[in-house]
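Chemist: Quick one: the structure is below, questions incoming.
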Amino acid sequence: MPPENHYFRLLTYVKPHWRVFLFAIVTMVILAVSEAGLPALMKPMLDGSFVKKDPEVIRWVPLALVALFVLRGVAGFASSYAMAYIGNRVVADLRLEMFDKLLGQPTPFYDDTPRGSLIATVAYNVQQLTMAATVVLTTLVKDVLSVIVLMGWLLYLNWKLTLVTLALTPVVLIVFRVASQRLRYTSREIQKNLGDLTQILEETIGGNKIIKIFDAQDYERTRFDSANQHGRRFAMKQTTASEAHGPIVQFLAAVALAVIVYIATLQVSADETTVGGFMSFMVAMLLLSAPLKRLSSVTVHLQRGLAAAESVFTLLDRDIERDTGTLEIERARGAIRFEGVSLVYPSKTAPALEGIDLTIQPGETIALVGGSGGGKSSLVNLLPRFYDPSDGRILLDDNDLRDIRLASLRRNIALVSQEITLFNDSVAANIAYGRQDSVSPAAIERAAEAANALNFIRELPQGFDTLIGENGVKLSGGQRQRLAIARAFLKNAPILILDEATSALDTESERLVQAALENLMRDRTTLVIAHRLSTIENANRIAVLERGRIVEIGSHAELLARGGAYHRLHALQFNEGMT
């Protein structure tokens with residue numbers, strides 16, 4: 001989309017606030033028209049008061065000056081306030097629309113997009129974009145009108161001198177064009193660099209322990225400094241482009257002013273103009289410099305805004321997660337069937353899953369085991385449709401998952417994984433996540449008790465109201481895991497996915513978490529990804545995956561007796577445990 005279309009599209013976000021915008025335009029018109037008031041008063045003030053000493057003029061000119069500046073002050077405040085109101089509303093509207101778009105994006109989008117660039121787009125780029133809708137628009141309306149009014153006054157006073165001023169226009173336009181091209185390029189690079197800086201900062205803050213352990217402070221400092229210096233270089237290039245054309249324009253204006261003074265002096269000598277007329281012309285010329293300077297600098301804001309528009313509207317134009325389903329299901333029985341399911345990730349050529357056939361009965365517990373990269377996580381990620389199969393289909397209670405509405409499908413699934421996601425909120429809010437307004441404190445407490453979390457919660461400073469920090473940083477690993485289990489208890493979904501939920505815990509924490517998980521798994525269809533085989537010995541069936549295929553399936557005893565892949569995995573872990 002051409003940059004100009006971005007600008008017109010941006011103006012559509014101003015449309016809902018058209019009344020305030022109209023008020024702002026009216027006040028800007030008043031401000032612009034009154035711009036010529038001061039030079040207009042200069043002529044009668046000098047000619048009538050000082051030259052002719054007219055008492056009537058001496059009385060009304062001071063009152064007119066006061067009235068003029070009161071009018072300009074009120075109009076200036078009103079226009080600035082109105083445009084600031086519109087600008088802040090547009091920023092808020094765009095950010096909310098982008099946030100909604102992010103919430104609706106499919107999982108592969110987050111796999112492929114750096115978080116830093118997304119944060120920069122929502123937090124920073126949108127601010128630059130709205131500068132084009134408000135500051136630029138204000139400058140164009142007010143200052144263009146001011147220039148027109150002042151030029152009209154100049155033509156009225158002395159058309160010959162005004163022609164000298166107009167002769168500068170083609171040269172100034174060429175300077176603006178060159179500066180605009182440079183500014184758009186540097187603005188685009190600066191915004192990209194901000195995304196890189198945000199990404200490095202986020203990784204450094206989140207990985208501070210790893211950085212310390214691996215003595216990588218110098219490496220991270222070098223990485224940050226490289227991005228930082230890259231941004232500095234483009235910022236200086238932008239400064240050069242934005243500031244250099246100002247002195248060039250001013251130099252041209254100075255040349256024109258020198259010519260005007262020379263011609264005006266000749267005209268005064270020949271009685272072709274009065275002293276008041278000349279001073280009025282000079283004041284109008286000087287007043288022209290301010291709006292012209294603002295109009296020259298508007299290019300900076302405009303190009304920054306248009307560069308920001310590329311990233312903002314690229315995000316807004318992304319398709320949200322496809323929901324092809326029309327079927328609403330209340331509470332599923334939990335019968336799941338994989339029929340010839342294969343999966344190839346968009347960025348890969350080799351299949352992550354190939355020819356998976358698996359039937360799971362309601363209430364049955366299926367454990368998925370195998371080496372890293374075998375396809376365990378890929379298999380369970382298909383169930384809530386984080387990804388869709390490349391081939392085959394998955395049925396829930398004899399309904400193709402693609403026929404079920406996403407929200408309805410996901411309401412029937414609970415997830416507890418090794419990588420727990422908690423929010424910087426209270427314990428209660430994290431347990432009741434997504435249902436904070438519809439769940440009673442008693443229900444939250446019962447879920448915590450079922451997850452073996454009630455004792456440690458009661459020992460916290462504010463109990464259920466304790467803030468747990470970013471991703472539960474104030475809690476231990478086992479405590480965080482039990483909060484996640486309590487969240488799953490409260491959801492009470494008929495299907496449960498456990499993704500290596502105990503692999504990173506110490507023995508005591510694992511015992512408490514395992515007991516909580518056994519409570520949670522009761523009467524639910526459960527898919528368990530397990531690293532420690534000792535935790536899934538009681539599963540109804542165990543499926544062993546290698547290179548995206550199920551190579552054997554059966555109970556713990558049956559698979560050991562078979563002496564196949566599961567037997568080898570079990571023997572390997574047993575030997576590791578012995579050593």
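Chemist: Can you tell which of Val91, Val66 is crowded, with 17+ Cβ neighbours inside 10 Å, of a type in the set (A, V, I, L, M, F, W, C) and part of a helix (DSSP H, G or I)?
Modeler: Working: Val66 fails: crowded, with 17+ Cβ neighbours inside 10 Å.
Unique residue meeting the criteria: Val91.
Chemist: Still on this model: Yes or no: the stretch 366-380 includes at least one residue that is in a strand (DSSP E or B), closer than 30 Å to His570 by Cα and among the basic types (Lys, Arg). Walk me through it before giving the result.
Modeler: The first filter runs over the stretch 366-380 and keeps only residues in a strand (DSSP E or B), leaving 366-369.
Right, trim to closer than 30 Å to His570 by Cα and you get 366-369.
Restricting the remaining residues to those that are among the basic types (Lys, Arg) gives none.
Within the stretch 366-380, not a single residue is in a strand (DSSP E or B), closer than 30 Å to His570 by Cα and among the basic types (Lys, Arg).
Chemist: Looking at (1) crowded, with 17+ Cβ neighbours inside 10 Å; (2) of a type in the set (Gly, Ala, Ser); (3) modelled with pLDDT under 75, can you tell me which one Ser269 breaks?
Modeler: (1)
Chemist: Can you name every residue in the stretch 328-375 that is of a type in the set (Gly, Ala, Ser), out of contact with any Pro (no Cβ under 6 Å at 6 or more places or on another chain) and over 20 Å from Pro108 (Cβ atoms)?
Modeler: Of the residues in the stretch 328-375, the ones of a type in the set (Gly, Ala, Ser) are 332, 334-335, 340, 342, 347, 350, 352, 355, 363, 367, 370-375.
Remaining after also requiring out of contact with any Pro (no Cβ under 6 Å at 6 or more places or on another chain): 340, 347, 350, 352, 355, 363, 367, 370-375.
Gly340, Gly355, Gly363, Ala367, Gly370, Gly371, Ser372, Gly374 - these are the residues of the stretch 328-375 that are of a type in the set (Gly, Ala, Ser), out of contact with any Pro (no Cβ under 6 Å at 6 or more places or on another chain) and over 20 Å from Pro108 (Cβ atoms).
Condition check ((1) outside the structural domain of Asp100 (by TED's automatic domain parsing); (2) crowded, with 18+ Cβ neighbours inside 10 Å; (3) charged (D, E, K, R)) across all residues:
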residue: His301; (1), (2), (3): no, yes, no
residue: Leu306; (1), (2), (3): no, yes, no
residue: Val312; (1), (2), (3): no, yes, no
residue: Glu321; (1), (2), (3): yes, no, yes
residue: Ala350; (1), (2), (3): yes, no, no
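Chemist: Of all helices (runs of 4 or more DSSP H) completely enclosed by the stretch 451-552, which ones contain at least 2 residues that are crowded, with 16+ Cβ neighbours inside 10 Å and not hydrophobic (A, V, I, L, M, F, W, C)?
Modeler: Answer list for the stretch 451-552: 477-491, 507-521.
Chemist: Find all pairs meeting these conditions: Cβ atoms under 7 angstrom apart; at least six residues apart or on different chains; first residue within the stretch 55-74 and assigned by TED's automatic domain parsing to the domain that holds Ala32; second residue part of a helix (DSSP H, G or I) and at pLDDT below 70.
Modeler: Here the result reads Val57/Pro44; Val57/Gly48; Val57/Ser49; Ile58/Ser49; Val61/Pro44; Val61/Met45; Val61/Ser49, each pair linking the stretch 55-74 to a residue that is part of a helix (DSSP H, G or I) and at pLDDT below 70.
Chemist: Another question, then. If we scan the stretch 464-473, do we find a residue that is without any contact (Cβ under 8 Å) to a residue 60 or more places away in the chain and closer than 19 Å to Asp499 by Cβ?
Modeler: We begin by selecting, within the stretch 464-473, every residue without any contact (Cβ under 8 Å) to a residue 60 or more places away in the chain; these are 464-473.
Adding the requirement that they be closer than 19 Å to Asp499 by Cβ leaves 471-472.
Checked against the condition, which is being without any contact (Cβ under 8 Å) to a residue 60 or more places away in the chain and closer than 19 Å to Asp499 by Cβ, the stretch 464-473 yields at least one hit.
Chemist: What pairs come up if the first residue lies in the stretch 16-30 and is among the β-branched types (Val, Ile, Thr), the second is surrounded by 16 or more Cβ atoms within 10 Å (Cβ to Cβ), and their beta carbons are under 6 Å apart, counting only those six or more places apart or on different chains?
Modeler: Val20/Ala82; Val20/Tyr85; Val20/Ile86; Thr27/Ala75; Thr27/Ala78; Thr27/Ser79; Ile30/Ala75
For (1) of a type in the set (D, E, K, R); (2) more than 22 Å from Leu383 (Cβ to Cβ), each residue gets a yes or a no:
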site	(1), (2)
Val473	no, yes
Gly477	no, yes
Glu518	yes, no
Thr525	no, no
Ala539	no, no
Glu558	yes, yes
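Chemist: Sticking with this one: Name the pairs: first residue in the stretch 408-432 and under 20 Å from Met521 (Cβ atoms), second residue among the polar types (S, T, N, Q) and part of a loop (DSSP other than H, G, I, E, B), Cβ to Cβ under 9 Å, at least 6 apart or on different chains?
Modeler: Cβ pairs passing all conditions: Ala414/Asn492; Gln418/Thr502; Gln418/Ser503.
Chemist: Quick one: would you say Thr359 is modelled with pLDDT of 90 or more and surrounded by fewer than 14 Cβ atoms within 10 Å (Cβ to Cβ)? Step through it out loud before you land on a result.
Modeler: Numbers: modelled with pLDDT of 90 or more: yes; surrounded by fewer than 14 Cβ atoms within 10 Å (Cβ to Cβ): yes.
Spelling it out, Thr359 is indeed modelled with pLDDT of 90 or more and surrounded by fewer than 14 Cβ atoms within 10 Å (Cβ to Cβ).
Chemist: Follow-up. Inside the stretch 353-397, can you point out the residues that are of a type in the set (Asp, Glu) and in contact with a strand residue (DSSP E or B) (Cβ under 8 Å, 6 or more places away or on another chain)?
Modeler: Taking the stretch 353-397 as the starting set, the residues that turn out to be of a type in the set (Asp, Glu) are 354, 357, 364, 388, 391, 397.
Listed by number, the residues that qualify are Glu354, Asp357, Glu364, Asp391.
Chemist: Being assigned to a helix (DSSP H, G or I) and under 30 Å from the mean Cα position of the chain (by Cα) is the filter; apply it to the stretch 390-418 and report the residue that is surrounded by the most Cβ atoms within 10 Å (Cβ to Cβ).
Modeler: Of the stretch 390-418, the ones assigned to a helix (DSSP H, G or I) are 401-403, 406-411.
Checking which are under 30 Å from the mean Cα position of the chain (by Cα) leaves us with 402, 406-411.
Numbers: Arg402: 17, Leu406: 16, Ala407: 10, Ser408: 16, Leu409: 24, Arg410: 17, Arg411: 18.
Filtering first and then ranking leaves Leu409.
Chemist: Since Arg337 meets every condition but one in (1) in contact with a His (Cβ under 9 Å, 6 or more places away or on another chain); (2) closer than 28 Å to Leu559 by Cα; (3) not aliphatic (A, V, I, L, M), which condition does it not meet?
Modeler: Arg337 satisfies all of (1) in contact with a His (Cβ under 9 Å, 6 or more places away or on another chain); (2) closer than 28 Å to Leu559 by Cα; (3) not aliphatic (A, V, I, L, M) except (1).
Chemist: Then there is this: Looking at the stretch 198-224, which of the residues that are within 25 Å of Arg304 (Cβ to Cβ) and either exposed (fewer than 12 other Cβ atoms within 10 Å of the Cβ) or in contact with a Lys or Arg (Cβ under 9 Å, 6 or more places away or on another chain) (or both) is modelled with the lowest pLDDT?
Modeler: Looking only at the stretch 198-224, we keep the residues that are within 25 Å of Arg304 (Cβ to Cβ), and these are 198-202, 224.
Then keep just the ones that are either exposed (fewer than 12 other Cβ atoms within 10 Å of the Cβ) or in contact with a Lys or Arg (Cβ under 9 Å, 6 or more places away or on another chain) (or both); that gives 198-200, 202.
Details: Thr198: 77, Gln199: 74, Ile200: 77, Glu202: 70.
Within the stretch 198-224, the match that is modelled with the lowest pLDDT is Glu202.
Yes or no, residue by residue, for (1) touching a strand residue (DSSP E or B) at 6+ places or on another chain (Cβ under 6 Å); (2) loosely packed, with under 13 Cβ neighbours inside 10 Å; (3) modelled with pLDDT of 85 or more:
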{"position": "Glu4", "(1), (2), (3)": "no, yes, no"}
{"position": "Leu10", "(1), (2), (3)": "no, no, no"}
{"position": "Ala24", "(1), (2), (3)": "no, no, yes"}
{"position": "Ala32", "(1), (2), (3)": "no, no, no"}
{"position": "Leu41", "(1), (2), (3)": "no, no, no"}
{"position": "Asp47", "(1), (2), (3)": "no, no, no"}
{"position": "Tyr81", "(1), (2), (3)": "no, no, yes"}
{"position": "Ile86", "(1), (2), (3)": "no, no, yes"}
{"position": "Gln105", "(1), (2), (3)": "no, no, yes"}
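Chemist: For the list (1) out of contact with any helix residue (DSSP H, G or I) (no Cβ under 9 Å at 6 or more places or on another chain); (2) at pLDDT 90 or above; (3) among the hydrophobic types (A, V, I, L, M, F, W, C), I need the number of the one condition that Ala352 fails.
Modeler: Result: Ala352 fails condition (1) only.
The values are calculated or read from the model by the stated rules, or taken from the named source; none is laboratory data. It should be emphasised that the depicted structure is a prediction, and the values quoted were computed from it without experimental measurement. Don't worry about glycine lacking a Cβ; one is built from the backbone with ideal geometry, like all the others, and counts go over all protein chains shown.
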